[in-house]
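A short write-up of the structure that comes next.
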Amino acid sequence: MVVDDHPMWREGVARDLTEAGHLVVATSGEGRQAVRVAAAARPDVVVLDLQLPDVSGVEVVQGLRAALPGVRVLMLSASGEPQSVLDAVKAGATGYLLKSAAPAEFLDAVRRTAAGEPVFTPGLAGLVLGEYRRLAATPAAPHDEAPRLTERETEVLRLVAKGLSYKQIAERLGLSHRTVQNHVQNTLGKLQLHNRVELTRYAIERGLDG
């Protein structure tokens, strides 16, 4: 699903996605409408503009996640402001790409978002990781006893925390891409987390990124 208030941009993105073999189930130019439409259309991925005329993209992410907990959101924005990026990620966006990205880079970002990988315009990934490290350094309330992860799940989690892609983790551990995805999904389920960004924060809080 494509959400952007500029018709030419919205139609262009939808066309590019269709030509690349993706099924565009809906488009919208307003945030509140987008949440209603998404609840009915049930897209796997939403390509969402940060600046919308009625509500902010961050509010739309929160609405989408409430209506469709498993949805993955790729933010597209003209702004690379650190606070905008962090707000979007904290709201539940899977990735954040500047509108200046090349078409091939955009299509690759959509594919990776669909696979559950966090995607960021170069330079922004370090910003997000740095923020999570800062948050992890802040004393928090004691955690309940952590769910037990298998040795392999812990190994994969450690590499996720270091910022490796699923492909890199698969190569490092001699596993298939699908097996790595399955380990991540199992770990998300055990820890009651929703996406890889939350998983990374969990791992950093427990010092697994060292």
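The values are calculated or read from the model by the stated rules, or taken from the named source; none is laboratory data. Predicted model, so just to flag it, every value in this text is computed and none were measured. Because the Cβ atoms are built from the backbone with ideal geometry, glycine has one as well, and the counts that use them run over all protein chains shown. These accessible areas exclude ligands, DNA and RNA; they are computed on the full protein's heavy atoms, side chains included. Shrake-Rupley method; radii C 1.70, N 1.55, O 1.52, S 1.80 Å.
Considering only the stretch 6-24, state which residues are surrounded by fewer than 16 Cβ atoms within 10 Å (Cβ to Cβ) and either β-branched (Val, Ile, Thr) or at negative phi (or both).
At the first step, the residues of the stretch 6-24 found to be surrounded by fewer than 16 Cβ atoms within 10 Å (Cβ to Cβ) are 6-9, 11-12, 15, 18-21, 23.
Within the stretch 6-24, 6, 7, 8, 9, 11, 12, 15, 18, 19, 20, 23 meet the criteria.
Would you point out the residue of the stretch 44-92, among those that are of a type in the set (Asp, Glu) and within 23 Å of residue 25 (Cα to Cα), that is least open to solvent (accessible area, probe 1.4 Å)? Walk me through how you get there before you give the answer.
Step one: list which residues in the stretch 44-92 are of a type in the set (Asp, Glu), which gives 44, 49, 54, 59, 81, 87.
Applying the additional criterion that residues be within 23 Å of residue 25 (Cα to Cα) yields 44, 49, 54, 59.
Values: 44: 125, 49: 8, 54: 51, 59: 100 Å².
Top of the filtered list is 49.
Go through 73, 55 for me and flag whichever is closer than 20 Å to residue 119 by Cα and in contact with a Lys or Arg (Cβ under 8 Å, 6 or more places away or on another chain). It would help to see each step written out before you state the result.
On the way: 55 fails: closer than 20 Å to residue 119 by Cα.
Step by step, each of 73, 55 is checked, and only 73 is closer than 20 Å to residue 119 by Cα and in contact with a Lys or Arg (Cβ under 8 Å, 6 or more places away or on another chain).
Kindly indicate whether residue 171 is modelled with pLDDT of 80 or more, surrounded by 13 or more Cβ atoms within 10 Å (Cβ to Cβ) and either touching a Phe, Trp or Tyr at 6+ places or on another chain (Cβ under 8 Å) or assigned to a helix (DSSP H, G or I) (or both).
Working: modelled with pLDDT of 80 or more: yes; surrounded by 13 or more Cβ atoms within 10 Å (Cβ to Cβ): yes; either touching a Phe, Trp or Tyr at 6+ places or on another chain (Cβ under 8 Å) or assigned to a helix (DSSP H, G or I) (or both): yes.
Yes; evaluated as a whole, the condition is true for this residue.
Write out, first by first residue and then by second, each pair whose Cβ atoms fall under 8 Å of each other, whose residues are 6+ apart or on separate chains, and whose first residue, in the stretch 166-192, is within 16 Å of residue 112 (Cα to Cα) while the second is open to solvent by 70 Å² or more (accessible area, probe 1.4 Å) and basic (Lys, Arg).
177/167
Got a sec? Which helices (runs of 4 or more DSSP H) wholly within the stretch 7-108 have at least 2 residues that are within 21 Å of residue 193 (Cβ to Cβ)? Give the steps one after another, and end with the answer.
Numbers: elements: 7-19, 31-41, 57-67, 82-91.
So the answer is 57-67, 82-91.
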